[in-house]
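Here's the structure, in structure tokens; my notes come after.
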Amino acid sequence: MLDRKASSLDSKVALVTGSGGGIGRSIAETFAANGAAVVVVDKREAAAREVAAAIEKRGGEAIAVPIDVTQAAGIEEMKRAALERFGRVDVLVNNVGHFMPGAGPFLRTTEADWEGLYEINLKHILRATHALAPGMVERRSGCIINVSTIETMRGIPGNAVYSTFKTGITAFTRSFALEVARHGVRVNAIAPETTDTDQVPVHRWIPDEHKAKIPLLIPLGRFGTPDDHAGVALFLASDLSAWVTGVTIPVDGGAIAAAGFYRLADGSWTNAPIVAEAGIQPR
């Protein structure tokens with residue numbers, strides 16, 4: 001039987017990139033609430049300092065490191081600041097990512113778009129892991145959590161390059177997990193479905209007259225919240241997942257399981273909403 005300490009991050013040092021808001025902030029604050037000291041990394045200095053201050057106000061320990069993870073110098077500064085303050089990093093959360101620039105049909109994108117999407121969605125994960133994983137290997141203990149997207153498990157029209165690099169995260173997670181498993185280091189990933197954040201304010205995008213249809217779009221009846229992902233990250237960072245490595249966990253409200261089926265207002269399901277709304281019964 002597992003005791004309550006299995007979910008504890010006491011004495012752990014966690015570094016969370018992009019933790020000035022959204023999913024990253026919730027992960028940072030959740031880790032701190034469960035005992036971890038947290039390195040809050042965000043290129044927005046005011047946001048990083050606000051999150052670190054909020055953690056300390058609740059009795060936790062945190063430092064703000066305002067750097068851009070898409071720059072090699074930023075990764076080195078992030079590592080230096082973390083080791084100088086805490087001496088190590090036990091949990092690395094590679095959270096930064098975005099579908100811009102480069103959104104739109106692939107044939108309209110440019111090589112500059114591809115490079116931008118590579119930098120913000122995949123290359124910084126390679127750099128951050130390359131910088132901090134050696135310490136974990138040396139200590140024979142550590143955990144890396146990469147934040148991918150549910151779009152690695154289905155197509156996303158208008159974002160082919162974005163989904164390509166995000167799918168690369170899944171492949172890197174799986175393969176690197178095997179390389180470091182014998183050293184006691186675990187590597188996993190989270191794949192979020194649409195989540196209401198400042199970056200993706202989906203509720204503000206949907207007109208009021210259509211908000212009542214939101215429960216019909218996702219099996220669990222709502223869009224995600226940052227806390228939904230923070231809970232899974234806590235599982236992956238703690239001893240609750242001590243025998244889990246190399247996997248990508250969809251945090252999607254059942255979207256992938258539905259695979260194109262939608263719930264109707266009467267509770268029935270269809271993969272052809274237009275036909276159902278027209279009242280046509282299959283023969």
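Listing for the model above:
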| quantity | calculated |
| --- | --- |
| Criterion: of a type in the set (S, T, Y), in a helix (DSSP H, G or I) and touching an Asp or Glu at 6+ places or on another chain (Cβ under 9 Å) - qualifying residue of S19, S26 | S26 |
| Within the range 235-272, tally of residues that are of a type in the set (S, T, Y) and without any contact (Cβ under 8 Å) to a residue 60 or more places away in the chain | 4 |
| Selected residue [more than 19 Å from G104 (Cα to Cα), assigned to a loop (DSSP other than H, G, I, E, B), modelled with pLDDT under 95 and not polar (S, T, N, Q)] from R204, R222, R154 | R222 |
| Check on D90, of a type in the set (D, E, K, R), surrounded by 14 or more Cβ atoms within 10 Å (Cβ to Cβ), touching a residue at least 40 places away in the same chain (Cβ under 8 Å) and farther than 16 Å from T17 by Cα | no |
| Some residue of the range 261-276 being among the aromatic types (F, W, Y), modelled with pLDDT under 90 and either surrounded by 18 or more Cβ atoms within 10 Å (Cβ to Cβ) or touching a His at 6+ places or on another chain (Cβ under 9 Å) (or both) | no |
| One residue from V244, V187 being among the β-branched types (V, I, T), within 21 Å of the chain's Cα centre (by Cα) and part of a strand (DSSP E or B) | V187 |
| Extreme residue, surrounded by the most Cβ atoms within 10 Å (Cβ to Cβ), among residues of the range 223-243 that are out of contact with any helix residue (DSSP H, G or I) (no Cβ under 7 Å at 6 or more places or on another chain) and more than 19 Å from E29 (Cβ to Cβ) | A242 |
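The values are calculated or read from the model by the stated rules, or taken from the named source; none is laboratory data. Quick caveat, the model's predicted, so the values are computed rather than measured. Cβ coordinates were reconstructed from backbone atoms using ideal geometry, including for glycine residues, and neighbour counts include every protein chain displayed.
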